[in-house]
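Following: one structure in structure tokens, then a few remarks.
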Amino acid sequence: MNFKIEDLVFDERGLIPAIVQDAVTHQVLVLAYMNSASLQRTIATGETWFWSRSRQELWHKGETSGHTQQVVDLHIDCDGDAIVITVKRQGPACHTGKDSCFHNRLEYQSAGAPIAEGAARFDGALDDLYTLLAGRYRERPQGSYTTQLFDEGIDKILAKVDEESQETIVAGKSETNQRLIEETSDLLYHLLVLLVQRGVTLAEVRAELARRRSAKK
């Protein structure tokens, strides 16, 4: 937080857009607006405060729901007219009960060609599962198998990845396609558990894949 409030560029209403991002998963949670007063309260309390454009008043995120957001860091963009706030959150960020307000996927076409629908859905399913697992890591609900894995620690998780890898190999060599699908799903689940445990995001994995693709070109 190496900037001063007077460095910021507020719009004609005295507001500045604030993008809230999960500090663990790097998922974008919400786009809200701040004025000088709400930003000062955010810095003073260590929890997010915003300006409600509909109610025309300050609001403390989680004041009624308990789903507060503890501030980890604040950054402004190069023009000083937008803020990114990384947070550790308690519960969902969206009033609908979803982890993020950005839970609807846009259907679109790129360069005149339809997007690879199956790939997009698979990618979205991985994102959804990763978000769910990250929630389990934070909240540790009792009776959850995922909670049990996180509680038992990295050695148990690695053992499960090894076990599921072996079972996937067996299925790929001598079992039905359905068994291969099932074992691959088990392996992917445990790999995502491993990523969450180590604090590695899917965005980082995608960036490495993109780097390799660019290097080959």
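Please work out which residue is nearest to residue 193 (Cα to Cα), limiting yourself to the stretch 139-155 and to residues that are among the polar types (S, T, N, Q) and surrounded by 11 or more Cβ atoms within 10 Å (Cβ to Cβ).
Going through the stretch 139-155, the residues among the polar types (S, T, N, Q) turn out to be 142, 144, 146-148.
After this cut, where a residue has to be surrounded by 11 or more Cβ atoms within 10 Å (Cβ to Cβ) as well, the list is 144, 146-148.
Numbers: 144: 13, 146: 8, 147: 10, 148: 11 Å.
Top of the filtered list is 146.
Of all residues in the stretch 42-68, those satisfying the criterion of being within 15 Å of residue 14 (Cβ to Cβ) and surrounded by 17 or more Cβ atoms within 10 Å (Cβ to Cβ) are 49, 50, 51. Kindly evaluate residue 71 against the criterion of being of a type in the set (Val, Ile, Thr), in the same structural domain as residue 11 (by TED's automatic domain parsing), modelled with pLDDT of 80 or more and buried (at least 16 other Cβ atoms within 10 Å of the Cβ). So residue 71 fits the description; yes.
The values are calculated or read from the model by the stated rules, or taken from the named source; none is laboratory data. What you see is a predicted model, and the numbers here were worked out from it, not measured in a lab. Every residue, glycine as well, gets a Cβ built from its backbone with ideal geometry; the counts of neighbours run over all protein chains shown.
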